[in-house]
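The structure under discussion appears below in the form of structure tokens.
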Amino acid sequence: MDVQRILTGDRPTGPHHIGHYFGTLQNRVKLQNEGHEIFLIVADYQVLTDRMETELIEQNICEIVRGYIATGIDPQKSTIFVQSQIPELAELTLLFSMITSMNRVARNPTVKEEINAMNLEDTVSLGMFSYPVSQAADILLFNPDLVPVGEDQLPHVELTREIARKFNRLFGDVFKIPEAMLSDVPRLVGLDGDNKMSKSRGNAIFLKDDEDTVMKKVKSAVTDSGREIVYDRAKKPNLSNLIDLYHLVSGKTIEDIVNLHNGDGYGEFKEALGQEIITFFKPFQERVLAYSDKDINKIATDGTKRAALVAKDMMSKTKKAMKIQYGF
Ligand code: ATP
Ligand code: MG
């Protein structure tokens, strides 16, 4: 087997939710266990694109590292690192911003959606507008083959590929052209029916949620009119989303779930779904119990040291190719 290098990551804006698990975490763990080389970036600078509550970032970095460990990332095998602690990332962002047009950045549908969702139309910062360029640097500095992401990230990976090609054309081959890798669940919808479950939109079930919280959230999930449990994407889109989630966490087929709940109302159905989620989360929550805050800190520190070596080497190659690695 060819060992592939993989780069992927998360913003430390809160703990992982179940959309992350099926959208990307599950894939990452599988790739790690198949022997691939994984780099996981905790993108703390990217948090600043849409919020300034900087006092929460450090704690959220730890939440993300905990989420990795909980779901099966092994810090001996995979490299977990913190974006802001690798200064070459900021340097490469600057260089890439010189070869990327404003028009190209303005066309990004995910950024547009995020700006809309936060009502930032007239006040969007330059950093938010151009964060996909920074993300291209996050990816390319580690020269990966694959980038496992949810659907919302596809435009960013496409831009990354364009930047890599343009750089290589201008200065010679430095960067591989990475491929996006989508899971079978590229976009889990929110409990409010919003098209994406998201840490920032108050519509997520977190992997670390306790039993009561899971139950409360599931019971408050939006449903459709008519109390019958049927899977009908056109007539009952919200219930169908919940049945999809039930299928994911229980492994039962859609047909079995519908049969099982024949005659039940939403209340009974949601109770059973909540239980399935609680059972599904249990091993994750138990695995991470053994790790103290100090352990988590050390994992991020050690990983960042390893990532820094790769970053230095790649930055030096980049500058050499650009003929800006001067003798002074
Ligand atoms: P935020 O709202 O703060 O941006 P987020 O929930 O979008 O949080 P990110 O840290 O931005 O999470 O994304 C991390 C990874 O998880 C990305 O690869 C993203 O595509 C994936 N992801 C996020 N939400 C979902 C979802 N609902 N379904 C599938 N994948 C998702
Ligand atoms: Mg996001």
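Just so it is clear, none of the values below were taken in a lab; they were calculated from the coordinates. Being a predicted model, the structure only gives us computed values, none of them experimental. Neighbour counts run over all protein chains shown; Cβ positions are idealised from the backbone, glycine included.
Other residues within the sphere of radius under 14 Å centred on the Cβ of D302, judged by their own Cβ, net out at +3 (K and R +1, D and E -1).
Extension gain for R233 to K77 (0.36 nm times residue separation, less C-alpha to C-alpha distance): 52.1 nm. Note on the chain: antiparallel DSSP beta bridges, both residues inside, total approximately 5 percent of the bridges counted.
Taking a sphere under 12 Å around the Cβ of N238 and counting the other residues whose Cβ falls inside, with K and R at +1 and D and E at -1, yields a net charge of -1. For M181, the amide hydrogen comes within under 5 Å of the amide hydrogens of V147, V149, counting only partners 5 or more places away or on other chains and with H modelled in the peptide plane. Look at where the Cα atoms of the stretch 279-302 and of the stretch 126-154 average out, and the two centres are 26 Å apart.
Approximating the spin labels as points 7 Å out from Cα along Cα→Cβ, the A117-to-K312 distance works out to 3.8 nm.
Could you tell me how far the Cα centroid of the stretch 168-199 sits from the Cα centroid of the stretch 246-275, in Å? Result: 30 Å between the Cα centres.
Debye sum, Cα scatterers, the stretch 211-288, no solvent: what log₁₀ I/I(0) at q = 0.12, 0.25, 0.27 1/Å? Log-scaled intensity ratios, in q order: -0.32, -1.24, -1.40. Exposure proxy ranking for M1, M118, based on other Cβ atoms within 10 angstrom of each Cβ and starting from the fewest, stands as M1, M118.
Placing a pseudo-label 7 Å from each Cα along the Cα-to-Cβ vector at K323 and E34 gives an inter-label distance of 4.2 nm. More than 19 angstrom separation, counting every C-alpha pair in the stretch 28-146; what % is that? The calculated P(r) of the stretch 28-146 puts 56 percent of pairs beyond 19 Å. In the chain, the calculated helix contribution to ellipticity at 222 nm averages -15500 deg cm²/dmol per residue, counting -39,500 (n - 2.57) for every DSSP H run with n ≥ 4. Bridgeable lysines around K252 (alpha carbons under 20 Å apart, same-chain partners fewer than 8 residues away excluded): K236, K270, K282.
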